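The values are calculated or read from the model by the stated rules, or taken from the named source; none is laboratory data. Only a predicted model underlies this, so the values are computations on that prediction, with no experimental measurement involved. FYI the Cβ positions are ideal-geometry reconstructions off the backbone, even for glycines, and counts take in every protein chain you see.
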Amino acid sequence: MVVVGDGKGRVGFGTGKAREVPEAIRKATDNAKKSMIRVPLREGRTLHHDIQGRYGAGNVLLRSAPAGTGVIAGGPMRAVFESMGVQDVVTKSNGSQNPHNMIKATFNALKRSTSPRAVASRRGLKVSDIVSRRGDKEGKE
């Protein structure tokens, strides 16, 4: 299994099988490049919102984090976030510890991630109507 990314929010994974290890890695890399997805990032360093993903018996919870937190994730998920270019994220894995299921559950969650711009255009609103200023309280005006 191979995870590839550009460090700017694009990431993909693939698997390859062959008699020789280098050939299996080449196949997995080609497969990963074909399956790349774009994930919207806030300030280029973290996710916009918390997301839950599921695949088989594997459950993952991905949470955005303040600057300086770092990547707090287990092995397979850490590879995904580091290749994607995320600097601050907190994750929790429940259920299956199988790396294949964990990565597929992570990608299931990342595919459902949306940016405030996409939500605003879908609802016909402005981005400022959806995202209140960070640090402001809702009832305080």
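Contact map, the stretch 69-96: residues that are closer than 15 Å to residue 44 by Cβ paired with residues that are of a type in the set (Lys, Arg) and loosely packed, with under 15 Cβ neighbours inside 10 Å, Cβ distance under 7 Å, separation 6+ or inter-chain. Pairs shown: 85/8.
Among the candidates 95, 56, 44, the residue that is small (Gly, Ala, Ser), at positive phi and touching a His at 6+ places or on another chain (Cβ under 9 Å) is uniquely 56. Scanning the stretch 73-84 for residues being at pLDDT below 90 and in a loop (DSSP other than H, G, I, E, B) gives a total of 1.
Filtered by the rule that a residue be in contact (Cβ under 8 Å) with a residue 60 or more places away in the chain, in contact with a strand residue (DSSP E or B) (Cβ under 6 Å, 6 or more places away or on another chain) and not in a loop (DSSP other than H, G, I, E, B), the stretch 6-59 gives 10, 11, 13, 51.
Can you pull out the residues in the stretch 39-66 that are surrounded by fewer than 16 Cβ atoms within 10 Å (Cβ to Cβ) and in contact with a Lys or Arg (Cβ under 7 Å, 6 or more places away or on another chain)? Within the stretch 39-66, 50, 61 meet the criteria.
Screening the candidates 132, 93, 128, 121 for the property of being in a loop (DSSP other than H, G, I, E, B) and more than 19 Å from residue 7 (Cα to Cα) yields one hit, 132. Go through (1) hydroxyl-bearing (Ser, Thr, Tyr); (2) at pLDDT below 85; (3) outside any helix (DSSP H, G or I) for residue 113 and report which single condition fails. Unmet for residue 113, out of (1) hydroxyl-bearing (Ser, Thr, Tyr); (2) at pLDDT below 85; (3) outside any helix (DSSP H, G or I): (2).
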